[in-house]
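One structure is given below, encoded as structure tokens.
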Amino acid sequence: MSRRNFTPLGLNGTSLGMAALADAATDGLDRAVRAFLSSLEHERRMSPLTVRGYGGDLAELLSFVRETRPEVREPSGIDLAILRSFLGRLAKGRKPSTMARKMAAVRSLFRFLLKRRQLEKNPAAGLALPKVRRKLPVVLNVDAAAQVMAAPQGDAPDMLRDRAILELFYSSGLRLSELVGLDLTSLDLALDSPEVRVIGKGSKERRAPVGSLARGALARYLSEGRQSLWEMAKRPAPTAAVFLSRRGRRISVRSVELLVKKYGALGAGRSDVVPHALRHTCATHMLEGGADLRAIQELLGHASLSTTQRYTHVSMDRILTVYDEAHPLARKVAR
């Protein structure tokens, strides 16, 4: 069966995203992948977008197996040789990062099957993956971050909204999906220590603090900007969303990406500023200000500290400062 028979469907996490197979009822490979995706959605509570990504990557594996080894109908029939051939296919015109992502999905599938005792050994365990060089994340210095925050000028409703969005990204380190998904009930700005409740990865709720500048920008947007956006759109029914588009609906992920990029260019002269960069900038500035990694982990909603350690980095200036203060030889004057 060719790859084109596996057509992505919607965002339904339990759907593998493949066309129905005539003999799906007896196809152990298909059932195994569907069970794995269902586990991602219902047990690990991954987002629909993540589950769809896993489904697409595994659909490509199944397409390859049916094309090259049609006699293989069960997960136990997939061996290291098949996976190496699949990796070789991926190497033709694919970036190492794309290859690594697809093979990570394959590895996760076989770990799942091994844990469920549907396999005696993991054929992907001995698979060597391509090395991927991690790009340094985009981080703004303090001055550049301030310039981006100040880029939305004027009192127009969309300017008030954009300023509040930027400030909240930088203040609270939210993910893009978390910010877009905020409802009015998510905000507690009247507290002595204002905070925002967000639903992060794995549908886990956490509370993130809101700084004074972000609090002021949000309060002004809510009192002056949001109602104006609603009235201009003439929407018949109210929405609980905090951030509205000019049509009075919940602002889209794409719209926020575009406005952050625009203000990154206008304020700091940077074309590489994205929402994730503001989240990373928030974490990095906290680290450089002396915040504990555990506190940053809690703020960002990371499940493990190792993720936070990869997510943040100490600038060379801070490393040199710490060295000068701590190393005994650094303070000696050369004779």
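The values are calculated or read from the model by the stated rules, or taken from the named source; none is laboratory data. These numbers come from a predicted model, not from an experiment. Positions of Cβ are generated from backbone atoms using ideal geometry, with glycine treated the same way; all protein chains shown enter the neighbour counts.
The table below gives the values:
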| item | result |
| --- | --- |
| Residue list for region 298-315, filter: within 24 Å of Ala144 (Cα to Cα) and either modelled with pLDDT of 80 or more or among the aliphatic types (A, V, I, L, M) (or both) | Leu299, Leu300, Val314 |
| Selected residue (criterion: surrounded by the most Cβ atoms within 10 Å (Cβ to Cβ)) from residues of region 222-262 that are touching a strand residue (DSSP E or B) at 6+ places or on another chain (Cβ under 8 Å) and among the small types (Gly, Ala, Ser) | Ala241 |
| Any hit, region 286-302, residues being within 15 Å of Leu174 (Cα to Cα), part of a loop (DSSP other than H, G, I, E, B), assigned by TED's automatic domain parsing to the domain that holds Phe243 and out of contact with any Asp or Glu (no Cβ under 9 Å at 6 or more places or on another chain) | yes |
| Matching residues in region 180-199 - criterion: being touching a helix residue (DSSP H, G or I) at 6+ places or on another chain (Cβ under 6 Å) and either among the β-branched types (Val, Ile, Thr) or crowded, with 18+ Cβ neighbours inside 10 Å (or both) | Val180, Pro194, Val196, Val198 |
| Top-ranked residue of region 227-261 - restricted to ones that are without any contact (Cβ under 8 Å) to a residue 12 or more places away in the chain and assigned to a helix (DSSP H, G or I), ranked as farthest from the chain's Cα centre (by Cα) | Glu231 |
| Qualifying residue in region 169-181 (condition: in contact (Cβ under 8 Å) with a residue 24 or more places away in the chain, small (Gly, Ala, Ser), at positive phi and part of a loop (DSSP other than H, G, I, E, B)) | yes |
| Candidate set from region 263-283 (those that are surrounded by 23 or more Cβ atoms within 10 Å (Cβ to Cβ) and in contact with a Ser or Thr (Cβ under 8 Å, 6 or more places away or on another chain)); member that is modelled with the lowest pLDDT | Ala283 |
